[in-house]
1. Against the condition at pLDDT below 90, open to solvent by less than 50 Å² (accessible area, probe 1.4 Å) and either of a type outside the set (S, T, N, Q) or over 29 Å from PHE234 (Cβ atoms) (or both), how does GLY294 come out, does it pass?
2. Would you mention how many residues in the stretch 57-89 are open to solvent by less than 80 Å² (accessible area, probe 1.4 Å), over 29 Å from GLU44 (Cα atoms) and small (Gly, Ala, Ser)?
3. Restricting the first residue to the stretch 65-94 and requiring it to be farther than 28 Å from GLY31 by Cβ and of a type in the set (D, E, K, R), which pairs with a second residue that is at pLDDT 80 or above and surrounded by fewer than 18 Cβ atoms within 10 Å (Cβ to Cβ) meet a Cβ separation below 9 Å and a spacing of at least six or different chains?
4. Which one is most open to solvent (accessible area, probe 1.4 Å) among residues in the stretch 124-149 that are part of a loop (DSSP other than H, G, I, E, B) and modelled with pLDDT under 95?
5. So which of GLU447, GLU470 ends up being at pLDDT below 90, open to solvent by 40 Å² or more (accessible area, probe 1.4 Å) and more than 18 Å from ALA373 (Cβ to Cβ)?
6. What is the residue count in the stretch 341-376 for residues that are farther than 30 Å from PRO186 by Cβ and open to solvent by 60 Å² or more (accessible area, probe 1.4 Å)?
7. Select the strands (runs of 3 or more DSSP E) contained entirely in the stretch 246-334, then report the ones holding at least 1 residues which are of a type in the set (Gly, Ala, Ser) and in contact with a Leu (Cβ under 8 Å, 6 or more places away or on another chain).
Amino acid sequence: MYKRQNHAFLYANNHDPLLGKLYLSVPITAGPATLRIDDEGPAEAFALGRLSAEQTQQRKARYIIPIDTIDVQRLAQLPRRWAAGDPIAGTLELRLTARTAHGGTIDVSGELRDYKDSAFSGTWALDVVGKNLGPTLTAAIDPALSGKDVSANLSLRGPFVANPKISYQLAGLQYETLRPKEPTDPPALRLSLANFKGELDLVNDQGHLDETIAQVLGDDGQPSRGKIRIDATFGLKPYQVNKADVHILEAIDLGRFLPETARKHLGRFVRGHFSGNGDTTSGFALRNIDLSIGHDPADVRARLHGGRIFTTDNFSTLEVAKDQPLTAHLGETTTAISGRVLARARWLDLKLGNVESPDLGRWLSRFGISPLATSATAGTIAISGRMDSPVVDARAALSGVPVLGHAELDTRFENRVLELRSIESATLGGSLAGKGRIRLGGTPFVESLTINGQNLSVEKLALASGFATEAKGTINALDIALRGSLARRADPLDWLDLVDAYAQADRITVAGESWDGIGLCVSHGQASRPLCRRRDAALGDADEARCDEARRKGGTCVVAHATRADGGDIDVLLAKIPGLAPRRGPPPPSELLGSIDISALPLRILDRFTGPEAFGGTMGARMSIGGTTAAPTASGAIEILRGWAKGCLLYTSPSPRDGLLSRMPSSA
């Protein structure tokens, strides 16, 4: 202190060694100065007056409050019982007013009562009243504390031989949590603590906060939706919360702190309760957690409970230990969550274990993802990266997968690209495995998708695909590759343009008819086409040209062959050639070119329609396919090589290509 203007007196008389006399009355006006709270350091660093640079470095105060002026109206120690012949002054009286550099006013009044009577006598009896303390709290105590008209009342009581017990009560206090660090961060959550009171026991270095209601404030500073009840006990040296109980009495809108997808599908209103202990700045642990979120204060879309969360920097960083995970419920889906969330940096590093999701299909649909399965079990999910574009790795056993039924999935979603690292299934018998990569941003595009199967049951495949026709047999080999855009696929045949496939089966029985040596190629290239065609029915140059043109223009070429067990062969070639798509409007129908060859087919196949032994002999046919997918055409000829009806010979051809009935035109 300096610039003193003092009018004081001091009288000391120690002639009587048992009753020394000390009289003083010291009114002081001084400033500026500093008020150092919880100041620590070596004894030589403490002295009256201005501190040297060395002394300042040696001392460390938890809080330093700059003071503009101090007006000590009374600092007096005078005898109170002169009339009774008692000259001893044993009580120190104090009354002062201090004004902080930030406009706050602090009034101190009271006394150290009878502290000179004996070594163990005397009591604290001081009262402190503060007004307009908001700016001072913000600047000197904690930037998260504020208030336009913060007032404080403190009382110091207890025996003088020990540090006093302080009762405190603050009004008009506001507190900010989840405060922004970057200009793009959302504004902090503001709470109004209308009546903040409790006690500090400086003997045991313990304190407590009485039950306090915190009202959520809107951006305009007015009360908004949301109330929290808080009570706590805490230690002072070192500072930590021994236990804090927080109950959200009225749901809080935390939507601005959540990613858009979470707000859309989970909601923004949080309610529930939790307990905690530690230091909110250096480390705070949350326990007894039971929180829920929904689209309105009464709605529950997701719930977190159990586990333990460790948080630092006023809840800007949250970490869940792997050995004490949170249990999450999203509809019927449950999982155990561990990992970290950096709220201010909007960063995630989470692990979801033991995922059980009977309603997986519904959640996939809500997030705009085609429901590839209806449910999942024994799943694990890892989520990392920024909240608005996280990387998601997932493994699970899926059910309700189209065609496959059950499947084991290992996938990654990153930068709006879905990577199927592996998908395996034994539902169809044998083995089926696949992998792929699909871009989901904008128009979905399959960059690659391959499926390889061996020894697949035709019966199970038919049932899984929804076909009621009785089918039996085994597909010995199946290779499928898909690539292309998923846009503008109105015609089912257009989906074939994405496919490159090869399938082979020794025998398949459909509706009582058995077929052997089956081969199917879809846009599978020249080298593979002979696998899907009879040797004596090899493709000609014109057929090859059709297939090559279809592949070159992004269309489809299908080549297939099958031998009927009771006689007869069938060969198919079909090329679908897309037209030139206009800039606007739907694309034109694709051109169809191809042929169907049937040879040595017994006429007994008609028995199921006419009765047994009504017809006999063999026939063949060649049909040419043309037109477009919107208006297909077929033309050709049916050849009867020999035949009879009801035991009467109709015709015997000396040559497979000659005869009265050998060229009967047919068109459609």
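1. Numbers: at pLDDT below 90: no; open to solvent by less than 50 Å² (accessible area, probe 1.4 Å): yes; either of a type outside the set (S, T, N, Q) or over 29 Å from PHE234 (Cβ atoms) (or both): yes.
Here the answer is no, as GLY294 does not meet what is asked.
2. Result for the stretch 57-89: 2.
3. ASP86/PRO79
4. LYS148
5. It is GLU470.
6. Number satisfying all stated conditions: 7.
7. Output list reads 269-279, 283-294, 302-305, 326-330.
Residue-by-condition table, conditions (1) open to solvent by less than 30 Å² (accessible area, probe 1.4 Å); (2) closer than 17 Å to THR334 by Cα; (3) at pLDDT 90 or above:
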residue: ALA251; (1), (2), (3): yes, no, yes
residue: GLY272; (1), (2), (3): yes, no, yes
residue: LEU286; (1), (2), (3): yes, no, no
residue: VAL300; (1), (2), (3): no, yes, yes
residue: SER316; (1), (2), (3): yes, no, no
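The values are calculated or read from the model by the stated rules, or taken from the named source; none is laboratory data. This one's a predicted model, so the numbers in the text were calculated from it and none came from an experiment. With ideal geometry, Cβ positions are generated from the backbone for all residues, glycine too; neighbour counts draw on all protein chains shown. When the accessible area is computed, the model is the full protein with side chains, heavy atoms only, and any ligands, DNA or RNA have been set aside. Shrake-Rupley method; radii C 1.70, N 1.55, O 1.52, S 1.80 Å.
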